[in-house]
Amino acid sequence: MSKWLLALVLCLSVVQAKEVPFTLEDRDRLIRMEAELKALSKSVDARFEEVNRKIDMLFNFLWIITGIFTTITVATIGFAIWDRRTTLKPFEDKIRKLEDKDKAFLEALKSLAEEDKKVYEILRKYNML
């Protein structure tokens with residue numbers, strides 16, 4: 001029996017279904033909706049363009065900051081190298097002069113050792129000959 005009841009309900013629902021005509025009011029509503037969607041689409045496109053422009057500006061700013069940071073880093077390293085060289089140069093010159101004096105002094109002692117046996121023994125004792 002339930003099968004018959006179900007079949008009857010289905011038949012009645014098919015019979016009751018009517019095609020609703022598309023009215024002028026529906027067409028106007030659809031046209032208004034399309035216009036609103038176009039305006040909304042333009043607004044969304046404008047917002048996306050604005051966001052893209054801001055992102056481009058942000059990337060440009062980041063490139064500028066990176067360039068400034070790189071320049072400061074290179075300048076600091078360059079200054080440190082320059083300062084180290086200029087600071088050590090006088091000491092290197094002094095050490096060279098002292099080494100030259102030491103060599104001259106050792107040569108003088110060696111020539112003195114050729115004549116004096118005591119000086120010869122002392123230089124030999126300290127492996128300076």
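Among all the lysines, which ones have a C-alpha under 17 Å from LYS117's C-alpha, if same-chain residues fewer than 8 places away are not counted?
Once the sequence-local lysines are set aside, what remains near LYS117 is LYS125.
Sticking to Cα atoms, compute the Rg of the stretch 22-125 to one decimal and its Dmax as the biggest Cα-Cα distance, whole number, in Å.
Every Cα atom of the stretch 22-125 included, Rg and Dmax give 42.8, 136 Å.
Net charge near ARG32, counting Lys/Arg +1 and Asp/Glu -1 over other residues with Cβ under 13 Å of its Cβ? Don't skip to the answer; put the middle values down first.
Values: positive: ARG27, ARG29, LYS38; negative: GLU25, ASP26, ASP28, GLU34, GLU36.
Every neighbour counted, the sum reads -2.
What net charge do the residues around LYS110 carry, taking every other residue with its C-beta under 12 Å from that of LYS110, with Lys and Arg at +1 and Asp and Glu at -1? Write out the running numbers ahead of the final one.
Values: positive: LYS103, ARG124; negative: GLU107, GLU114, GLU115, ASP116.
After counting each charged neighbour, the total is -2.
Once you put a point 7 Å from the Cα of ALA46 and another 7 Å from the Cα of VAL74, both along the Cβ direction, what distance in nm separates them?
Calculated label separation equals 4.4 nm.
Taking K and R as +1 and D and E as -1, what net charge do the other residues with C-beta under 13 Å from the C-beta of ARG47 add up to?
On the way: positive: LYS42, ARG53, LYS54; negative: ASP45, GLU49, GLU50.
Result for the neighbourhood of ARG47: 0.
Cut-off under 27 Å on the C-alpha distance; same-chain residues fewer than 8 positions from LYS118 excluded. Which lysines are left, in chain and number order?
LYS101, LYS103, LYS110
No value in this document is a laboratory result; all are computed from the given coordinates. Every value quoted in this text rests on a predicted model; they were computed, and no experiment measured them. All Cβ positions, glycine included, derive from the backbone under ideal geometry; neighbour counts span all protein chains shown.
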